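Q: Okay, handing you the structure first.
None of the figures in this text is laboratory data; all of them are computed from the coordinates on show. Since the model is a prediction, treat every value here as computed from it, not as a measurement. No Cβ is skipped: glycine too gets one built from the backbone with ideal geometry, and neighbour counts run over all protein chains shown.
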Amino acid sequence: MDKNKAIIVCIIVVVATAIAAFYILNSGKTNSSFSSNTNQALVALEKQPSKTLKEYSDDAGFSFQYPLDVQVGKIEIKDNITYSNLELTSNQAKGKILIKIADTQLKYIDGWFAKDGLKGDIKEIKIGEILGGQLQKGDKISAAAINQDILFTIEVDAKDQKYWQSVYGTILASFNFVSREENTSTGEFPDDSGDAVLEEDIVE
């Protein structure tokens, strides 16, 4: 009888161990699945700009493409050196991009970065076909290029970093402009100081 009890106890222990192992393994799979689903959900929640692009063309002699869900507004500055001052915003993400074209006495972009108190390794980029530089600090990106005594700057202030970095990349890749001589017969950029407008032309 004692032998039977011992056998029964052994069977119970084996069954209990098997059940415990089964639940432990399934629990691991469930947690892994939950973690995977959570990661997928987080990726889905990340704000992404529209893949449909529009083109903005400025009277100052430059153009660029930008996503459909971004708005371009002109900021009026009454001076004799600013040709264009733009602010790009979106209802889909926090942040903005500022684009400014103005006369400058600077000969090198390092002077512009130093003037604004920006320090760090400047990455070589191109704005249009002009060689320039870019500096990134946290959620801010500053880019500049100088051509024929005209300073082109693009500044990104992005709380929703991935969204605005994507917009910035689109602008930088599509940015195009002409020189003073090519833009006007007088050799000067036109003075464009109109009210804020939104460009609505869809790029086919």
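Q: What is the gain in length, in nm to one decimal, between Glu46 and Asp59 on full extension, counting 0.36 nm per residue of separation less the C-alpha to C-alpha distance?
A: On the way: separation 13, 0.36 × 13 = 4.68 nm, distance 3.51 nm.
Going from the current span to full extension adds 1.2 nm.
Q: To the nearest 20 debye, what is the magnitude of the charge dipole of the range 53-183 about its Cα centre, counting +1 on the Cβ of each Lys and Arg and -1 on the Cβ of each Asp and Glu?
A: Taking the Cα centre of the range 53-183 as origin, the dipole is about 460 debye.
Q: Of Lys119/Lys140; Lys47/Lys119; Lys78/Lys159; Lys47/Lys123; Lys47/Lys74, which sit over 20 Å apart, Cα to Cα? Write out the running numbers ahead of the final one.
A: Values: Lys119/Lys140 13 Å; Lys47/Lys119 29 Å; Lys78/Lys159 30 Å; Lys47/Lys123 26 Å; Lys47/Lys74 25 Å.
Over 20 Å apart, Cα to Cα: Lys47/Lys119; Lys78/Lys159; Lys47/Lys123; Lys47/Lys74.
Q: May I ask you to compute the full-extension gain from Thr104 to Thr17, defined as 0.36 nm times their residue separation minus their alpha-carbon distance, rounded to one decimal in nm?
A: 23.4 nm
Q: From the C-alpha gyration tensor of the range 57-178, pull out the three semi-axes of the equivalent ellipsoid (sqrt of 5λ each), sorted largest to smallest, in whole Å.
A: Rounded to whole Å, the semi-axes are 21, 18, 13.
Q: OK, next. Would you mind checking which residues have amide H under 5 Å from Gly128's amide H? H placed 1.01 Å from N; only 5 or more apart, or other chain.
A: Phe175
Q: Counting only other residues whose beta carbon sits under 10 Å from that of Gln136, what net charge do I get with K and R as +1, D and E as -1?
A: Cβ neighbours under 10 Å give a net charge of +1.
Q: To continue, here is another question. Work out from phi, with θ = phi - 60° and the Karplus expression 6.51 cos²θ - 1.76 cosθ + 1.60, the ³J(HN,Hα) of each residue of the range 123-129, listed in order in whole Hz, and give x for Gly and Pro.
A: Couplings: 8, 6, 9, 10, 9, x, 9 Hz.
Q: Can you tell me the FRET efficiency between Asp157 and Lys78 if r is taken as the Cβ-Cβ distance and R0 is 25 Å, rounded to the nearest 0.05?
A: With R0 = 25 Å, the Cβ-Cβ based efficiency is 0.60.
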